[in-house]
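So the structure is just underneath, and the comments pick up after that.
Every number here is computed from the coordinates shown, using simple stated rules; none is lab data. All values derive from a computational prediction rather than experimental measurement. Cβ sites come from the backbone with ideal geometry, for glycine too, and all protein chains shown count toward neighbours.
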Ligand SMILES: Cc1cc2nc3c(=O)[nH]c(=O)nc-3n(C[C@H](O)[C@H](O)[C@H](O)COP(=O)(O)OP(=O)(O)OC[C@H]3O[C@@H](n4cnc5c(N)ncnc54)[C@H](O)[C@@H]3O)c2cc1C
């Protein structure tokens, strides 16, 4: 064996199937520690005064971790969860167990990458192995676009399609049959798994069941026509939460899509699922390419928006208490379920920036807290796009909320279901004593 004790540092790759690093660790290590760090920072107020890990997200993550532990147990391993800051947790494990190699998936988040870089600097004598486990492509397959990322999604997609790269996406790997054992002195994490939301249950087990069920039915055949609906479970795939935590890989989704196409036929709609996965793919490479600019007010455009921050407006938007019923309904849906449709996200983000004149980063931070499918690349990339500081060649997207309501909720059903019509008469409250100013 090449290594005595290996460390696999899990992050957004919480599965055992289609995970090349687990296969490597199986071949190379006598013992292995499977570590996940729950960063205490996630639960403290961030620069936007929000927590990055809201309650629904935390529930889904806990279910996912418990499921991963179960999968690892079947392979002779278990998941060791640390509640210390990642650098401290990794340092402790390295020191206590004499780690000589660290396996870690590439991450799209700049801060997650920074943790890893610091570890590498502090422990230059260890071996390090990285792999692309959360994208369709590995960096070597699209090397020219990784080093010179196209400035729009269309150019990226055309390159992938023009070079017929869909066929180059590798088939998902099966899980290893066995993993090297953990050191005998490594304590086992005990689990108290929170009960599940009705539809979204964290972990590969539930994710894979959902994937199979979705493609066994005919929903994908009409996906393109139904995907913009605001509230129905089967109108879009609902794969995002499992993809975000890596309990499903995009290659697993693509493989099931191909099987579906072989069984039930390929059409515009089935193609469109691949198209949407390419959006996800683009944002993942975009986040790695633009690094911390993903979080900058002026984005990648070096053009500062004319928006600002108004605490009362922000609070009303978060609560679904604006003069826009469709926005209120979407926000209440998000707060209650941890999910919002893609169309809903576009509408509430457009309202945030254009109608309410708010600094887009606060909206992105609120999504980060609330969404169970929060994904650093897709979230901040889409917000930049809508705020006009990202990869949108048109500059910005301003949705006409009245028109959109007529199109997507013509009978007002969605708004009624989520009480979008319950809002205060006034958006900005000005006390007479404060007026006129000066
Ligand atoms: C402001 C804003 C914030 C967003 N934040 C996130 C986020 O944090 N996490 C996240 O996964 N998606 C995010 N999205 C993208 C998209 O809204 C969700 O992926 C989608 O609604 C999830 O539902 P679904 O799985 O049913 O999607 P489907 O319509 O079934 O799409 C299939 C898959 O394609 C990918 N996808 C679809 N649309 C997009 C898109 N615009 N950008 C990137 N990937 C896409 C997702 O992985 C999705 O699961 C955001 C979009 C907007 C406008």
Highest average packing first - 42-53, 124-135, Cβ atoms within 10 Å: 124-135, 42-53
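Taking other Cβ within 10 Å of each residue's Cβ, how do 15, 416, 139 sort, fewest first?
Values: 15 27, 416 13, 139 16.
Going from least to most buried by this count: 416, 139, 15.
Calculate for the chain the 222 nm mean residue ellipticity that helices alone would give, adding -39,500 (n - 2.57) per DSSP H run of length 4 or more and normalising by residue count, nearest 500 deg cm²/dmol.
Working: 18 runs with 196 residues, N = 438.
Theoretical 222 nm ellipticity from helices: -13500 deg cm²/dmol.
Which of rounded, prolate, oblate describes the range 124-225, given a ≥ b ≥ c as roots of the alpha-carbon gyration tensor eigenvalues and a/c under 1.5 marking rounded, otherwise prolate only if a/b is larger than b/c?
It comes out oblate by the Cα gyration axes.
I want the antiparallel fraction of DSSP beta bridges within the chain, as a percent rounded to 5. Working shown, then result.
Details: 0 of 20 bridges.
Percent antiparallel among DSSP bridges in the chain is about 0.
How high is the relative contact order of the chain, given as a whole-number percent (alpha carbon pairs under 8 Å, six or more residues apart)?
In percent, rounded to a whole number, it is 19.
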Residue among 377, 229, 167 with the largest mean-square fluctuation in a Gaussian network model of the chain, springs linking Cα atoms under 10 Å: 167
Cα-based equivalent ellipsoid, the range 93-135: semi-axes from gyration tensor eigenvalues, Å: 20, 12, 8
Global geometry of the range 6-149, whether rounded, prolate or oblate, following the gyration tensor of its Cα atoms and the 1.5 cut on a/c: rounded
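Which of 2, 403 comes first, and how do the rest follow, when ranked by fewest Cβ neighbours within 10 Å? Please report the intermediate quantities before stating the final value.
Values: 2 12, 403 9.
Neighbour counts put them in this order, fewest first: 403, 2.
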Per-residue Cβ neighbour rank within 10 angstrom, fewest leading, 407, 145: 407, 145
Share of Cα-Cα pairs in the chain lying beyond 27 Å, as whole percent: 55
Degrees between helix 86-97 axis and first principal axis of the chain (Cα, 0 to 90, nearest 10): 10
